[in-house]
Amino acid sequence: MNSQMRFAVALALAVASPAWAQSMDMRDMPGMSMPHSHDDHANPADHAKHEDTHAGDAATQPSAQDSITHNHMSMDHAGHDMSSMSTQALPPNNHVAPPPPQYVVHDMTPSQMTELMQMDDAAPTGMVLVDRLERSRSTSGDYATSWEAEGWWGTPINRLWLKTEGERGSTGTQDGRVDVLWSHAWTSFWDWQLGARQDFGQGPKRQWAAMGVQGLAPYWFETQATFYVGEQGRTALRLESSYDMLFTQRLILTPKLELNFYGKDDLQRAIASGLSELEAGLQLRYEFSRKFAPYIGVNWTRRWGSHGDVPDAPEVHALETTWVAGVRLWF
Amino acid sequence: MSKQEPRGFQLPRRRFVQGLALGGVAAGLGLWRGNAFAQMAAPRAELRGDHFELEIGELPVDFTGRKRIATVVNGQLPAPLLRWRQGDTVTLRVRNRLSVPSSIHWHGIVLPADMDGVPGLSFDGIPPGGEYVYRFTVNQSGTYWYHSHSRFQEQTGLYGPIVIEPRDGERHTVDRDYVVLLNDWTDADPETIYTNLKKQSDYYNYGQRTVGDFLRDAGRDGISKALADRQMWNQMRMNPTDLADVSAATYTYLVNGQTPVGNWTGLFSAGDKVRLRFINGAAMTFFDVRIPGLKMTVVAADGQAIEPVTVDEFRIGTAETYDVIVEPSADRAWTIFAQSMDRTGYARATLAPRTGMSSEVPPLDPRPLLSMGDMMGAMDHGGMSHGMGHDMPGIPMEHAHAAPDLKTGPEVDMRVTTPRNKLDDPGVGLRDNGRRVLTYADLHAVDAPISPRVDREITLRLTGNMERYLWSFDAKRASQAEPLRLRHGEHVRVTLVNDTMMTHPIHLHGMWSELESPEGHFQARKHTVVVQPAQRISYRVSADAPGRWAYHCHLLFHMEAGMFREVVVA
């Protein structure tokens, strides 16, 4: 058990490490300032050369530009762009500066302006994704219906998330959960999330406080890692990652891995401490459209845990293979 | 590596929607619920003079076999061609018969700030049932265009050409003169396209790399090379196929309101000199334009005369205009072929001696892939870790010290620490294609710049987060940013550094953007400057237009997603 827990922590760190790396990059973010003005870069000599005539510009050496460009660029091929025209004076242009406006737009609040411009880059949006809605058949012949869905609503930075997952078999709902989370954009590819989780289905209904990260790990792994703290000193960690492999633009194979760790046994919910559940799956979907894709798949579930301390009670499903068919959709 | 064969089980090359032969406005005429004016308007309306009556309304159209409602002017899609004369004071009364507010912006025209047509900055917009009278003196000449600056009305059809006749006559005399207005039409509601991108930013990208591509590359180049190539992109969560946010998966590309099948045709007699005034009025599409068999002499960019330069092909960013002169010498038809930059579709038209003639339409070029240079800029040191200030593990931390303001974050998914500054790169998909392709290095104005000096330097970084579909200047979306303030009368050098993987057409209202070479020499006067990925580009701005102005990426959904700033000249 201890080794499993250590494994869990190591995995959690591995998953979160890119996020930490980003957070270090981010430390000065709020202080970013713009524009960068470099008034002093404009070389007086440059002015003098230019002021005599409009037409003289193309022939002069803009030392102001040089001083800037040297910072990051190699000034290879100096004079490369000098064409025939740049060595002779150009005739004057016929530009006429416009007069000032007669009408000045009245003062308004940012929200009034947003409304008038009909342009709102912070407008809230929402999405509902039913990632799995499927019927499954285990190798032992049991049928079940399971789901995994999430929805979010909010601005680009702050969003309310709802996630639910569960399975309903012949004996009713087993092993369901729903998470309600506040999600905050944290780095380029990662959000942190805070909230609560409610378990339902067989056994007592557990409540947890939730804290995690969700995002896109390097190599395009959609990843979630959530740490939970419950009553009676219970703790749990849930890790989930998936990857889309395109066979064609529409036929997509998604390997998935989900691990659930618990801090202590919960016999009534058939949960063992340490790595309690490992689920690996393959989902092959065909996107008739981005928003509608039926799929088939196979899942391997390994659970550790037993009902009670009765020595002869059977281990709960050491390894279970289920075949699934379902639909993925979003709107 | 910058090119790739058609991949996966991709749709056959021509299977994008090419539209109806008799589609467009013709299908909807008669149902125009504006006034009787539209009934008598010719299909290719052009209005000239100094007084114009324009009426914004709705019109049922059918480009693809599905009837949709377009936003139009005087019952026309595109809106009527406006012919002005340099020196005239024009009056344009614009009535709005929509049920929502509207506006018209005169793109590239130097005019007083209250005539610029940006709701919230220039004026209050035109309310439903209301009108606004624009009145200003036209001091420039050349090819321009106008479009709505309200929400997504530009995507649904509110755009039209402007041709301003020079006071002293055209610099190049021609026998025929045509506007070639390029657009992207969609049957989908642009609101839906925008929210789709917000939820899944690669929603319209059906050209992504597949397992099959990997196997083919591995077979051709070896597994380690194929893996190494993918490792870079995948580690950084960047997509080398990300050439256009919206593709022919939903777009049908139009020339003068005609689908590729509809085949707009410009007539000539053998030996004629023909001026084609190309305008990219698309919402989200870059076009690569050529006329197989004919050389094109580019004589103006963004309405401003340039030293003539003869090319086989040019890329036109959204909102840019190019005037070209062609001389079809034989009694045969030529195809004007404008493929989208992502090679998912094309707009097509024909030059022919007689109506009904057509010529072969070339196949789309292979889909290109973004190159390392598009991601990292100048790679003088070779190694990948030198080019980027990306937040991936493995990038040495000293980058953060070297460039303290180059952070990534929710608004920014990548940084380019060593941008490339050359203007002679035609851009992804056009490099080394065997044709002479126009680049910004070819643009040389025929007259002197407006700005004789530089009083101040301003650097702005074009930033974004593709996964979150957020776009910004300097990591601040419009809603988070203070206006950019310019002193009236000062001359500033604006340097744009593109920290994204996308090509952005940046448009400053009210004042010219005088493009410079990397050495600081004046190249050409533009109203829209295309900045390639990982490129650094500079231009001078004479802050001689007092007032409040818009400054933004002219990809419509990038502007909506935050790549917009207010510029105040006072």
Being over 23 Å from the mean Cα position of the chain (by Cα) and open to solvent by 40 Å² or more (accessible area, probe 1.4 Å) is the filter; apply it to the range B:400-426 and report the residue that is modelled with the lowest pLDDT. B:401
If you check A:202, A:118, which single one turns out to be more than 14 Å from chain B (Cβ to nearest Cβ) and either surrounded by fewer than 17 Cβ atoms within 10 Å (Cβ to Cβ) or not small (Gly, Ala, Ser) (or both)? A:202
Among (1) more than 29 Å from residue B:60 (Cβ to Cβ); (2) open to solvent by 10 Å² or more (accessible area, probe 1.4 Å), where does residue B:122 come up short? (2)
Which one is farthest from residue A:92 (Cα to Cα), of the residues in the range B:449-481 that are of a type in the set (Gly, Ala, Ser) and surrounded by fewer than 22 Cβ atoms within 10 Å (Cβ to Cβ)? B:479
Residue count for the range A:143-182, restricted to those that are among the hydrophobic types (A, V, I, L, M, F, W, C) and in contact (Cβ under 8 Å) with a residue 24 or more places away in the chain: 7
Quick check on residue A:85: is it within 7 Å of chain B (Cβ to nearest Cβ), out of contact with any helix residue (DSSP H, G or I) (no Cβ under 8 Å at 6 or more places or on another chain) and at pLDDT below 90? no
Within the range B:132-153, take every residue that is of a type in the set (Val, Ile, Thr) and open to solvent by 30 Å² or more (accessible area, probe 1.4 Å) and give me the one that is farthest from residue B:78 (Cα to Cα). B:137
Of the residues in the range A:121-155, those that are open to solvent by less than 20 Å² (accessible area, probe 1.4 Å) and more than 20 Å from residue A:284 (Cβ to Cβ) come to A:121, A:151, A:154
With the structure loaded, tell me whether residue A:210 is open to solvent by less than 10 Å² (accessible area, probe 1.4 Å), touching a Gly at 6+ places or on another chain (Cβ under 7 Å) and not acidic (Asp, Glu) or whether it fails that test. yes
Which numbered condition trips up residue B:126, out of (1) at the interface with chain A (Cβ under 10 Å from one of its Cβ atoms); (2) touching a residue at least 40 places away in the same chain (Cβ under 8 Å); (3) touching a Ser or Thr at 6+ places or on another chain (Cβ under 8 Å)? (1)
Count - residues of the range A:96-112 that are outside any helix (DSSP H, G or I) and either more than 7 Å from chain B (Cβ to nearest Cβ) or open to solvent by 100 Å² or more (accessible area, probe 1.4 Å) (or both): 6
From the list B:108, B:129, exactly one residue is crowded, with 21+ Cβ neighbours inside 10 Å and of a type in the set (Gly, Ala, Ser). Which is it? B:108
Matching residues in the range B:228-248 - criterion: being aliphatic (A, V, I, L, M) and under 22 Å from residue B:430 (Cα atoms): B:238, B:243, B:244, B:246, B:248
Looking only at residues in the range B:52-62 that are out of contact with any helix residue (DSSP H, G or I) (no Cβ under 9 Å at 6 or more places or on another chain) and open to solvent by less than 10 Å² (accessible area, probe 1.4 Å), which one is nearest to residue B:112 (Cα to Cα)? B:52
Taking the range B:125-181 as the region of interest, how many residues are touching a helix residue (DSSP H, G or I) at 6+ places or on another chain (Cβ under 6 Å) and of a type in the set (S, T, N, Q)? 1
Index of the failed condition, residue A:192 passing every other in (1) open to solvent by 60 Å² or more (accessible area, probe 1.4 Å); (2) away from chain B (no Cβ under 14 Å): (2)
What are the residues in the range B:86-97 that are touching a Pro at 6+ places or on another chain (Cβ under 9 Å) and surrounded by fewer than 19 Cβ atoms within 10 Å (Cβ to Cβ), if any? B:86, B:97
Would a scan of the range B:244-263 turn up a residue that is in contact with a Gly (Cβ under 6 Å, 6 or more places away or on another chain), of a type outside the set (D, E, K, R) and within 14 Å of chain A (Cβ to nearest Cβ)? yes
Over the range B:102-123, the set of residues without any contact (Cβ under 8 Å) to a residue 60 or more places away in the chain, within 9 Å of chain A (Cβ to nearest Cβ) and touching a helix residue (DSSP H, G or I) at 6+ places or on another chain (Cβ under 8 Å) is B:119, B:120, B:123
Within the range A:253-291, track down each residue that is under 19 Å from residue A:203 (Cβ atoms) and either part of a loop (DSSP other than H, G, I, E, B) or aromatic (Phe, Trp, Tyr) (or both). A:261, A:262, A:263, A:264, A:265, A:270, A:272, A:273
Restrict the check to the range B:427-444 and report whether at least one residue is within 29 Å of residue B:141 (Cβ to Cβ), facing chain A (nearest Cβ under 8 Å), open to solvent by less than 10 Å² (accessible area, probe 1.4 Å) and small (Gly, Ala, Ser). no
It is to be established whether one or more residues within the range B:63-85 are open to solvent by 20 Å² or more (accessible area, probe 1.4 Å), more than 23 Å from the chain's Cα centre (by Cα) and within 30 Å of residue B:170 (Cβ to Cβ). yes
So residue B:395 ticks every box in (1) of a type outside the set (Lys, Arg); (2) at pLDDT below 95; (3) closer than 25 Å to residue A:156 by Cα; (4) in a loop (DSSP other than H, G, I, E, B) but one. Which box is left unticked? (3)
Need a quick list: strands (runs of 3 or more DSSP E) entirely within the range B:488-570 having at least 2 residues that are over 29 Å from residue A:115 (Cβ atoms). B:491-498, B:513-516, B:522-526, B:528-531, B:536-542
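Okay, residues lined up against (1) within 22 Å of residue A:320 (Cα to Cα); (2) outside any loop (DSSP other than H, G, I, E, B):
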position	(1), (2)
A:205	no, no
A:208	no, yes
A:223	no, yes
A:232	no, yes
A:238	yes, yes
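The values are calculated or read from the model by the stated rules, or taken from the named source; none is laboratory data. The structure presented is a predicted model; accordingly, all values stated were derived computationally and were not measured. Reconstructed Cβ throughout: ideal geometry from the backbone, glycine too, with neighbour counts over all protein chains shown. All accessible areas refer to the heavy atoms of the entire protein, side chains included, with ligands and DNA or RNA removed. Shrake-Rupley method; radii C 1.70, N 1.55, O 1.52, S 1.80 Å.
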